[in-house]
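I have placed the structure first, in the form of structure tokens, so that the comments after it can refer back to it.
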Amino acid sequence: MFQDRRIGLALVLPATLFLLAGFVLPVLVLLSGSLQGPGGWSFDAYVRFFAVPLHQEVFWRTVRLGVLVTLTCAVVGYAAAFAIVNTAPSARGKLIGLLILPLMISPVARTYAWIVILGRTGLVNQALQGLGLADGPVRLLFTETAVFIGLVQLFLPLMVLTLVSALENLPADVMSAARVLGAGWIQTFVRVVLPLTREGLVIGGTLVFTGAVTAYITPAVLGGSRVLMLETLLYQRVSVAGDIVSGSVIAAILVVMSYTTNVLLRRIAAGRGR
Amino acid sequence: MHSIGEEMIRTVLAAGALALLAAGPAAAQTTLTVSGFGIAQDQFRRILYAPFEAQCGCKIAVEAGNSAERLAKMEARRANPEIDIAVLSDADAMIARTKDLIEPIDVAKLSNHARLYDIAKDPIGGNLAVGYTFYNTSIVYRSDKVKIESWKDLWKPELKGRLALPNITTTQGPLLLFMTDRAFGGSGGAFTTAIDRIAEVKPNVVTFYERSAQLLQLFQQDEIWAAPLGRFNWANIKKLNMPLAWATPTEGQTGGINVMVVTKNGKNRELALRFMDMWLSTDIQTKLAMELVDSPANKEVVLPADVADNLTFGPETVNAVRLIPPADVIANRDAWLAGWNAKVAR
């Protein structure tokens with residue numbers, strides 16, 4: 001692209017330096033902090049962290065909610081993205097505008113709104129009782145369900161947006177071709193659409209999973225201390241107990257978790273594409 | 001006749017002298033660094049910091065934040081402390097004491113020390129802290145739904161799904177353990193009886209709250225009918241205009257003291273003592289109480305009844321507050337956390 005390679009290098013230099021100083025270096029310091037033992041390098045801090053049953057529980061809850069939220073967003077997201085891509089271009093712009101709207105509202109405000117909606121006298125409980133689906137108020141607030149709902153609402157737009165752009169790049173005739181050749185809807189989706197849009201799914205999935213496992217406000221407000229996730233536990237360990245070591249262990253776990261998810265998703269996508 | 005050069009030199013010299021004069025007092029002006037809670041800093045500035053600055057010709061810098069953060073900072077700067085005075089809860093002051101971050105206060109130099117309630121004079125021992133305010137902690141409850149006359153009443157079945165308790169990580173958490181332990185016949189500072197009892201009532205608990213401000217919303221939305229909390233929330237609770245009452249349990253009320261400590265090897269010891277003395281004066285304590293910032297620790301403060309009701313005020317109330325013995329905090333804090341995490345948090 002550039003006649004002179006040096007121009008290209010010069011152009012990436014500022015961003016690279018900024019990332020090195022502002023991101024790579026601090027992350028290395030953080031990670032190495034969690035690997036310091038009494039006598040040099042060790043996994044001691046990790047062993048001690050996972051020895052606490054509460055910490056194991058919080059770890060698995062974080063993984064479980066991350067996976068559930070990602071899967072839900074993928075399923076709901078594909079359906080929504082399909083619908084959006086298949087509307088007239090003018091309507092499509094408006095729909096995407098609506099999709100982006102919640103992203104412009106502070107997550108704090110959105111999460112507090114859920115307190116009202118999910119409360120004992122909130123909309124959901126009124127609807128459940130009005131429809132005769134529940135005898136009395138159902139406890140939703142401060143449960144895993146509340147955190148799950150909050151996280152899905154928070155990250156669904158990211159998944160839909162990435163899938164919309166993936167589906168827009170899908171050649172117009174492939175689905176009709178598949179149908180003409182006798183494939184059912186499910187077969188068309190699994191054998192044609194999914195492989196061709198897998199890049200979008202990998203990006204969306206990584207964004208949603210990473211966002212869900214590292215979200216702080218949603219689990220803090222909708223889950224509270226009874227539904228701790230790694231991020232809320234991190235805050236508690238560092239800010240309340242002054243336990244910086246556990247804090248860096250949790251931070252390292254989250255980094256590894258997010259990276260692993262990205263690698264796994266890419267693997268799966270590559271496998272499907274073959 | 002003066003040459004232009006001579007004139008210039010003279011001007012430059014004069015300007016230099018002026019600059020020196022101007023810089024002189026500024027360089028001499030010391031800064032007293034206070035590490036404090038983030039709340040009500042505007043009122044503190046107006047009522048306390050600004051008048052003190054005018055009096056001492058110094059500057060007050062405030063480092064605000066939660067106790068754990070500020071303690072960590074004090075520990076990190078142990079060799080070269082930047083903080084002169086820290087304002088902490090009594091429990092955190094005990095931690096600062098065990099970490100050897102604070103030094104004894106020469107209370108003879110505090111002219112207002114004799115005016116303090118006895119429990120504020122030497123709350124953590126060794127004159128290492130002086131209390132400037134305290135609060136009582138009891139149970140706020142919906143008087144139309146439930147009757148609370150004992151700490152044990154939090155275990156009533158009608159509070160199922162309607163109860164909020166403080167998390168162990170808050171200042172109120174250990175206070176709940178303390179009163180629960182006493183109510184159910186426990187003894188000593190390990191609070192094992194309390195932890196077992198709280199684990200038992202866990203299914204009834206809506207949430208273990210981290211910030212007392214959260215309780216306002218929960219009461220308002222009819223999520224909860226009872227919660228133990230500190231008196232400093234009472235003024236706001238009353239504003240909800242709901243049938244909420246402050247319990248006077250048979251076992252008594254608990255509470256805590258907020259204290260001032262002097263950093264070990266701090267640079268402005270004399271100034272720090274003057275600042276403390278001013279904070280403890282009847283005048284400043286009255287002003288802070290009138291704006292509901294802090295309940296007075298100075299027993300000479302006189303308040304109108306409506307203001308007093310929002311605070312922890314008067315010798316009877318103050319003497320009835322049952323405090324966790326500071327030594328128990330240090331000896332058992334880790335055990336409380338471990339016990340809670342094993343039995344309650346899971």
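What follows draws every value from the coordinates through simple rules; no lab data is involved. Only a predicted model underlies this, so the values are computations on that prediction, with no experimental measurement involved. Reconstructed Cβ throughout: ideal geometry from the backbone, glycine too, with neighbour counts over all protein chains shown.
To the nearest ten degrees, helix B:269-280 and the longest principal axis of the Cα atoms of chain B are 50 degrees apart.
Axis of helix B:192-201 versus longest Cα principal axis of chain B: the two differ by about 70°, to the nearest ten degrees. With R₀ set to 45 Å, the beta-carbon distance separating A:Ile96 from B:Ala40 gives a calculated FRET efficiency near 0.45. Mean residue ellipticity, 222 nm, helices only, chain B: the sum of -39500 (n - 2.57) across DSSP H runs of n ≥ 4, divided by residue count and rounded to 500, is -12000 deg cm²/dmol. With contributions of -39500 (n - 2.57) from each DSSP H run of at least four residues, the per-residue ellipticity at 222 nm computed over chain A stands at -22000 deg cm²/dmol. Per residue of A:219-225, other chain Cβ atoms within 10 Å of the residue Cβ number 4 on average. The trypsin sites (Lys or Arg not before Pro) of the range B:148-255 that meet both conditions, a loop assignment by DSSP and at most 16 other Cβ atoms within 10 Å of the site Cβ, are B:Lys160, B:Arg211, B:Lys239. Using the Cβ-Cβ distance between A:Arg6 and B:Thr30 with R0 = 51 Å, the FRET efficiency computed as 1/(1 + (r/R0)^6) comes to roughly 0.40.
Modelled spin-label separation between B:Asn341 and B:Phe184, with each label point placed 7 Å from Cα along the Cα-to-Cβ direction: 2.1 nm. Summarising the label geometry, the points placed 7 Å from Cα in the beta-carbon direction at B:Lys202 and A:Val24 lie 4.6 nm from one another.
Under 1.5 on a/c is rounded, so check that first for the protein assembly as shown, then, if it is not, pick prolate when a/b is larger than b/c and oblate when it is not; a ≥ b ≥ c are the square roots of the alpha carbon gyration tensor eigenvalues. Cα axes put the protein assembly as shown in the oblate bin. Residue exposure proxy: B:Arg46, B:Arg333, ordered by other Cβ atoms within 10 angstrom of their Cβ from fewest to most, comes out as B:Arg46, B:Arg333.
Projected onto planes of every orientation and averaged, the convex hull of the alpha-carbon atoms in the range A:51-273 covers 15.3 nm².
Computed from the C-beta positions of A:Leu68 and A:Thr16, the FRET efficiency with R₀ = 35 Å rounds to 0.40.
Note on chain B: Cα-only Rg and Dmax are 24.4, 103 Å. Isolated cysteines of the protein assembly as shown, defined as having no other cysteine beta carbon under 4.7 Å away, are A:Cys73.
Go ahead and collect, in residue order, the members of the range B:47-77 whose backbone nitrogen is under 19 Å from a label point 7 Å along the Cα-Cβ direction of B:Ala213. Counting only backbone N, you get B:63-70.
Which of the residue pairs B:Lys156/B:Lys299; B:Lys109/B:Lys287; B:Lys156/B:Lys238; B:Lys99/B:Lys202; B:Lys145/B:Lys239 have a Cα-Cα distance greater than 28 Å in the structure shown? Distance filter (> 28 Å) returns B:Lys156/B:Lys299; B:Lys99/B:Lys202. Here is what passes the span test in chain A: the DSSP H helices with alpha carbon length of 20 Å or more along the helix axis and a Kyte-Doolittle mean of -1.0 or above are A:5-19, A:53-85, A:144-168, A:198-214, A:244-273. Restricting the range B:254-327 to GluC sites (Glu not before Pro) that sit in a DSSP loop and have at most 16 other Cβ atoms within 10 Å of their own Cβ leaves B:Glu291, B:Glu300. With a simple spin-label model that places each label point 7 Å from the Cα along the Cα-to-Cβ direction, the separation between A:Ala88 and A:Ala51 comes to 6.8 nm.
Ranked by how many other Cβ atoms sit within 10 Å of their own Cβ, fewest first, the residues B:Met242, B:Met276, A:Met104 fall in the order A:Met104, B:Met242, B:Met276.
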